[in-house]
1. Roll a 1.4 Å probe over the protein heavy atoms and report the accessible area of residue 385 in Å², nearest 10.
2. What base-10 log of the normalised intensity I(q)/I(0) is obtained for region 184-243 from the Debye formula, alpha carbons as equal point scatterers, at q = 0.12, 0.27 Å⁻¹?
3. Say we join alpha carbon atoms closer than 10 Å with springs in a Gaussian network model of the chain; which of 122, 203, 183 then has the biggest fluctuation?
4. Label region 150-297 by shape, choosing from rounded, prolate and oblate, from the square roots a ≥ b ≥ c of the eigenvalues of the Cα gyration tensor; if a/c is under 1.5 it is rounded, and otherwise prolate applies when a/b is larger than b/c, oblate when it is not.
5. Measure nothing but the geometry: give the 0 to 90° angle between the long axis through the Cα atoms of 229-238 and the longest principal axis through the Cα atoms of the chain, rounded to 10°.
6. Where a ≥ b ≥ c are the square roots of the eigenvalues of the C-alpha gyration tensor, would you call region 1-133 rounded, which needs a/c under 1.5, or, failing that, prolate if a/b is larger than b/c, or oblate?
7. Given 0.36 nm per residue, what is the gain on full extension from residue 328 to residue 151 after removing their alpha carbon distance, in nm?
8. Could you tell me the center-to-center distance, by alpha carbons, between region 289-362 and region 181-209 in angstrom?
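The values are calculated or read from the model by the stated rules, or taken from the named source; none is laboratory data. Being a predicted model, the structure only gives us computed values, none of them experimental. Backbone-built Cβ (ideal geometry, glycine too); neighbour counts: all protein chains shown. The accessibility values were calculated without ligands, DNA or RNA, using every heavy atom of the protein model including side chains. Shrake-Rupley method; radii C 1.70, N 1.55, O 1.52, S 1.80 Å.
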Amino acid sequence: MKYRRFGRTELRMPVFSCGGMRFHCTWDELSPSEIPEKNQINLEAIVRRSLEVGINHFETSRTYGTSEMQLGWALSKLPRDQVLIQTKITPISDSHEFQRQVEKSLSLLQVDYLDLLTLHGINDPQAFKDSLCPGGCLDRARELQKQGKARYIGFATHAPTELIVKTIETDRFDYVNLHWYYINQFNWPAIEAADRHDMGVFIISPSDKGGMLHTPPKRLVELCHPLHPMMFNDLFCLRHHQVKTLSLGAARPSDFDAHVQVLDLLDRAEEILPPIVERLEKAAIARLGEEWWRTWHIGLPPHHKTPKGINIPMILWLRNLAIAYDLVEYAKMRYNLLGYADFWHPGTRAENIKEIDLSDCLRHSPHADKIPALLDDAHQRLAGEPVQKLSRDLGGGKSRTKQVWS
């Protein structure tokens, strides 16, 4: 395993982390007696394999159903100082409830302290306010830190880049969990900001969010040759020293195997990657046209400034991926998450787009005349049944239906 300094925390972080989103039993919270023995055996085998390959950082969330409880059972059998434990708690207006959820996480994980306590979801202005206002969740987290219950405090985000940078520039966090990988490089300014502030940078789910690369389409496999697309994406991310660790959401012990092969390639990244990147770019241009590929994103409005909240940048991006790389299933999954007024997947789909006047909101786009037709085309290509999951709504304390992969 390779390790990198995790910013100002000074933690020795493995370049791969074991994410706890896929190995748990259910998104609901169950009693211990309801956990199937087979599931727990698999989870503990994942933990053992993780440690065998040198991954000692385990990351989960209060919202991941039974993940904390099951991970706590597994980690309680290990010396505490041999593992780094991170969990994430949703910031809310009631900071006392936030603290209660942290205490619950500590109990479920069977630990006295967290190495990394994460405010889970500074995704919009309200979450920013709830986190950073006087007496808010960050102040509460720092009090817990003083009590020895958390070593370092960070935040996780799906926010627009501008809000991520704004949060980083407060200089009040030690690290950030964010999205950045080959198909989605929009957050590079946030990574640069984090580097300036000596923050650790954790990349969220690059294999799944980065294109469902565990099951890639044939076209992408051919374009990434001689690497598997998942290995290419790992190497693409880790070639940058600012990136400290990538989350691997393992569902079985063997899920680590392809990733650890990348470790031997890190020193050759500048030799291996350029031909693949050039091939990917040429393939996209061949199908989409160079002008569109280079300029499609210019002047697009955010969803809250668009009629009916249509998330134009997201929809056009997904259409690009479906056409350029045959990432159709990925694009369909992400497209059908839109439409719930949920801050993890903001905005709506392009339904009935022909009936909506977008001329004003597209006035700064060089492609204003053709975007409505492209949005309609995207909807025809990608629309399907909404994708949902069960997770925990910490604000109300009840289970609710919510989008998958949040």
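1. Only protein atoms counted, so the area is about 150 Å².
2. Once normalised to I(0) and log-transformed, intensities are -0.33, -1.12.
3. Maximum among the listed residues: 183.
4. Note, shape of region 150-297 comes out oblate.
5. 70
6. It comes out oblate by the Cα gyration axes.
7. Between residue 328 and residue 151, full extension yields an extra 59.5 nm.
8. 22
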